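Reviewing the structure listed below.
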Amino acid sequence: MNINARGLHFKDLNAQVRAAAARDIVIDNCLGQRYIGSGLAGKNLVINGLPGNALGAYLDGSQIKVYGNTQEATGDTMNEGEIVIFGDAGDATGYAMRGGRIFVQGNSGYRTGIHMKEYQDKIPVVVIGGRVGSFLGEYQAGGVIVVLGIGQSGQLPVGYFTGTGMHGGKIFLRTDFEPEGLPPQVICREATAEDKQQILGYVQDFCAYFGGEPQQLLAPKFYVLLPNTKNPYKQLYVNN
Amino acid sequence: MSVDFFYPEYEIVRDQNRCISCRVCERQCANCVHAFDEASGKMYADDSKCVNCHRCVSLCPTRALKIVKSGNTFKTNSNWTNDYMKEIYRQANSGGVLLSSMGNPADFPVYWDKILINASQVTNPSIDPLREPMETRTFLGKKPAKIERDCDGNIITKMEPNLELALPVLFGGMSYGAISYNAHASLAQAAKSCGTFYNTGEGGLHKDFYQYGTNTIVQVASGRFGVYKDYLNAGAAIEIKIGQGAKPGIGGHLPGLKIVGDISQTRMIPQGTDAISPAPHHDIYSIEDLHQLVYSLKEATDYQKPIIVKIAAVHNVAAIASGVARSGADIIAIDGFRGGTGAAPTRIRDNVGIPIELALASVDQRLRDEGIRGNISVICGGSIRNSTDVVKAIALGADAVYIATAALLAMGCHLCRSCHTGNCNWGIATQKPELVKRLNPEIATQRLINLLNAWEHEITEIMGGMGINSIEALRGNRLMLRGIGLTEKELEILGIKHAGE
């Protein structure tokens, strides 16, 4: 079914989405409506236009495709499902994700993938085609973040303070340059063939949505960031 | 001895005439204080490891043990106190941030103890709660500003979602991780039995406790541990934790040694690594951003759950509360600077924030002045120690109170303030299976129920004495309070008169 979002308040739009019996829903003329797909399960949503903040927050197993850019907090605390953005994403994309996948064709803002978590086989994934702002993967406790840096000519595709407070998960950066100024709790090393094998599937899916050759994308140098378990945060404290 | 040697602050005194060397103290102490000496056949204690939790004292069958403050002291100095000196030594040795547990123990004024309650004499006679009905039922959430009718003239009864409490006392947020499975089980069962609510804290909800959902408040904090749709829908209300009284402006930090097994699963973080919940929500920088989180939660739960916003009592608390009341939140929880914690930097715990009594009074007044008091209910906590604290809080303007330290005490906590070590001998603030099993959930549940029942009796007695038969009539009724030994300014902020006026 199609919903024309022109002039609709977010409450009305989201109520229509929740009430819809159809599995496949297309939202046209979307302009800034927030919380679309909040906690939504079992639907396929196509959004034409510009959804507002907190798109797919707590998403619980739906697919959302956005033909346009998204604003802040896309996929906030999402649990399952997939968000595919044919454009750029705003700040705090994938905040505290605990499952599911987010693919962004273009760039993503500050604080992408912060607080991501994982448990056993439930591993959230964020793949960004272009570059991201500062604070990528802050406090990351799990999951996989891949920044492909397409069009960056090998320049570092991240801003400052990547991985601050990281204590789990992995960050992959496609770049010729090792990020500088990482905290002592984070290890950075060049990705091995084995590391790249781990993200091959994600890159293949990225290419399936946005085009490109997976092997070609994976060929250049990648750096991988991991928490340094030998240098935990508790050393900051003394019992009193 | 090195400069870092501290003579033990507390000494274990053992009456060797009474001691039967049964070794109970040795088995009960997770800090390995007690030991049996085969050669002499006697028990010995290493005071330096003792945290003064009283587990051994309580379980000694012959009352052979007591713990006393040791007489050893540095040269007396009112400026450089023993504590300040030791803290310097600790930091000079380690370079670390001082970490402590539970609420601010420092000697700041406790305003509850400087407020007196009124009673009726001759006129407006007192009420005997044993004979006459007393209403302590409380509803938390937005209240309609006016009666609305439909086109046929019938009153529209559709209300914003409210929490219904049998008495105006809830258990405050304590995470699964900070406290044990058995402690959570006890709080959940007691809340259900007493018609009130317990609060998950920020560590998510164990699968076993979803059955208590109708009596559960689920918390969403900056770390978003254990937050997903089922969790949000499991609870009766959702609390956004912005801050807590013990450490305003500081995030949570659950030591890695408490991240084991189910805790790791519930929080979805690796075993053994420290759980970091940063100070800010990284998507909240303004009241408008808070509004966004409130509504994303309302959308995710189809507007069925009241949303609570918990903030620490800080200097501008009244203005912040006004913003929260306009953010779409249904309830605001304010946590005073004496609130407890499983771990907080000592300097923050002991120096940041303001007393809940002053914060509560100024928030209630501000919301009334702005005509938005009905938009939001107010819960206060940190720290409520007894039923008269509850009565005074309600009369100062609270709709209900959170108790957490008091609930821990009811379960057996002896306030040794060592939660962050993970070695709680009472089975409460620990994840070690052999310690957790010491807390019997059935007994702890009953003790919590007893506490709430006792407080309810006392609250109705006190209300009856004032000639008030409904908690509604006590709410914000500051004429029922008088200050004692307070300055003009303190009285002005509290909005009460001095005793004798």
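Among the residues of region A:219-240 satisfying the criterion of being touching a residue at least 24 places away in the same chain (Cβ under 8 Å), over 15 Å from B:THR273 (Cβ atoms) and open to solvent by less than 40 Å² (accessible area, probe 1.4 Å), which is nearest to the other protein chains (Cβ to nearest Cβ)?
A:LEU225
Please specify each residue of region B:138-181 satisfying the condition of being without any contact (Cβ under 8 Å) to a residue 60 or more places away in the chain and in contact with a Phe, Trp or Tyr (Cβ under 6 Å, 6 or more places away or on another chain).
B:GLU164
For region B:473-501, which positions are open to solvent by 20 Å² or more (accessible area, probe 1.4 Å), part of a helix (DSSP H, G or I) and either more than 20 Å from B:ALA400 (Cβ to Cβ) or at pLDDT below 95 (or both)?
B:LEU479, B:GLU488, B:LYS489, B:GLU490, B:GLU492, B:ILE493
Tally time: how many residues in region B:453-472 are part of a helix (DSSP H, G or I) and open to solvent by 30 Å² or more (accessible area, probe 1.4 Å)?
Summing the residues that are part of a helix (DSSP H, G or I) and open to solvent by 30 Å² or more (accessible area, probe 1.4 Å) in region B:453-472 gives 8.
Taking region B:220-244 as the search range and keeping residues that are of a type in the set (Lys, Arg) and not in a loop (DSSP other than H, G, I, E, B), which one is least open to solvent (accessible area, probe 1.4 Å)?
My answer is B:LYS241.
Scan A:ASP28, A:ASP12, A:ASP88 and give me the residue that is more than 10 Å from chain B (Cβ to nearest Cβ), in a helix (DSSP H, G or I) and open to solvent by 10 Å² or more (accessible area, probe 1.4 Å).
A:ASP12
Return yes or no: is B:ASN93 within 14 Å of chain A (Cβ to nearest Cβ), modelled with pLDDT under 95 and not in a strand (DSSP E or B)?
yes
From B:TYR285, B:TYR295, grab the single residue that is more than 29 Å from B:LEU491 (Cα to Cα), within 14 Å of another protein chain (Cβ to nearest Cβ) and at pLDDT 95 or above.
Within the list B:TYR285, B:TYR295, the selection yields B:TYR295.
Name the residues in region B:15-48 that are in contact with a strand residue (DSSP E or B) (Cβ under 6 Å, 6 or more places away or on another chain), open to solvent by less than 40 Å² (accessible area, probe 1.4 Å) and at positive phi, would you?
Selection gives B:SER21 alone.
Return the residues of region A:144-186 that are open to solvent by 30 Å² or more (accessible area, probe 1.4 Å) and within 14 Å of chain B (Cβ to nearest Cβ); say none if nothing qualifies.
Scanning region A:144-186 gives A:PHE161, A:THR164, A:LYS170, A:PRO184.
Condition first: within 14 Å of another protein chain (Cβ to nearest Cβ) and either open to solvent by less than 20 Å² (accessible area, probe 1.4 Å) or more than 18 Å from B:SER58 (Cα to Cα) (or both). Now tell me which residues in region B:419-428 satisfy that.
Selection gives B:CYS419, B:HIS420, B:THR421, B:GLY422.
Scan region B:245-263 and tell me whether some residue there is surrounded by 22 or more Cβ atoms within 10 Å (Cβ to Cβ) and in a helix (DSSP H, G or I).
Scanning region B:245-263 turns up at least one residue that is surrounded by 22 or more Cβ atoms within 10 Å (Cβ to Cβ) and in a helix (DSSP H, G or I).
Quick one: what pairs do we get from region B:238-258, first residue more than 14 Å from chain A (Cβ to nearest Cβ), second surrounded by fewer than 24 Cβ atoms within 10 Å (Cβ to Cβ) and modelled with pLDDT under 90, C-beta under 6 Å, 6+ apart or different chains?
Here the result reads B:GLY249/B:ALA279, each pair linking region B:238-258 to a residue that is surrounded by fewer than 24 Cβ atoms within 10 Å (Cβ to Cβ) and modelled with pLDDT under 90.
Would you check which residues across region B:296-310 are open to solvent by less than 10 Å² (accessible area, probe 1.4 Å) and in contact (Cβ under 8 Å) with a residue 40 or more places away in the chain and list them?
The answer is B:LEU297, B:ALA300, B:THR301, B:PRO306, B:ILE307, B:ILE308, B:VAL309.
Considering A:TYR58, A:TYR110, which residue is among the hydroxyl-bearing types (Ser, Thr, Tyr) and within 8 Å of chain B (Cβ to nearest Cβ)?
Exactly one of A:TYR58, A:TYR110 is among the hydroxyl-bearing types (Ser, Thr, Tyr) and within 8 Å of chain B (Cβ to nearest Cβ), namely A:TYR58.
Which condition breaks for A:GLY100 when tested against (1) touching an Asp or Glu at 6+ places or on another chain (Cβ under 8 Å); (2) away from chain B (no Cβ under 14 Å); (3) in contact (Cβ under 8 Å) with a residue 40 or more places away in the chain?
Failing condition for A:GLY100: (2).
Name the residues in region A:203-213 that are open to solvent by 20 Å² or more (accessible area, probe 1.4 Å) and closer than 21 Å to A:ASP176 by Cβ, would you?
Scanning region A:203-213 gives A:GLY212, A:GLU213.
Against the condition buried (at least 20 other Cβ atoms within 10 Å of the Cβ) and not in a helix (DSSP H, G or I), how does B:VAL314 come out, does it pass?
No, not satisfied.
Taking B:VAL51 as meeting all but one of (1) more than 14 Å from chain A (Cβ to nearest Cβ); (2) in a loop (DSSP other than H, G, I, E, B); (3) surrounded by 14 or more Cβ atoms within 10 Å (Cβ to Cβ); (4) of a type outside the set (D, E, K, R), write down the number of the exception.
(1)
Residue by residue, here is whether (1) of a type outside the set (Val, Ile, Thr); (2) modelled with pLDDT of 95 or more; (3) surrounded by fewer than 22 Cβ atoms within 10 Å (Cβ to Cβ) holds:
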| site | (1), (2), (3) |
| --- | --- |
| A:LYS65 | yes, yes, yes |
| A:GLY68 | yes, yes, yes |
| A:THR74 | no, yes, no |
| A:GLU82 | yes, yes, yes |
| A:MET97 | yes, yes, no |
| A:TYR110 | yes, yes, yes |
| A:HIS115 | yes, no, no |
| A:VAL127 | no, yes, no |
| A:ARG131 | yes, yes, no |
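Say we look at region B:264-273 and pick out the residues that are within 8 Å of chain A (Cβ to nearest Cβ) and surrounded by fewer than 24 Cβ atoms within 10 Å (Cβ to Cβ); which of these is nearest to A:LEU236 (Cα to Cα)?
Among them, the one singled out is B:THR273.
Looking at region A:148-204 only, could you name the residues that are free of Cβ contacts under 8 Å to residues at least 60 places away in the same chain and among the polar types (S, T, N, Q)?
Passing the criteria: A:GLN152, A:SER153, A:GLN155, A:THR164, A:THR175, A:GLN185, A:THR192, A:GLN197, A:GLN198, A:GLN204.
Would you list the strands (runs of 3 or more DSSP E) that sit entirely within region B:100-219 and hold 2 or more residues that are touching a Gly at 6+ places or on another chain (Cβ under 7 Å) and surrounded by 21 or more Cβ atoms within 10 Å (Cβ to Cβ)?
Ranges flagged: B:163-165.
The values are calculated or read from the model by the stated rules, or taken from the named source; none is laboratory data. Here the structure is a predicted model, which is why all the values come from computation and not from measurement. Heads up, the Cβs are rebuilt from the backbone with ideal geometry, glycines too, and the neighbour counts pull from every protein chain shown. Heads up: the accessible areas ignore ligands, DNA and RNA and are worked out on the full protein's heavy atoms, side chains in. Shrake-Rupley method; radii C 1.70, N 1.55, O 1.52, S 1.80 Å.
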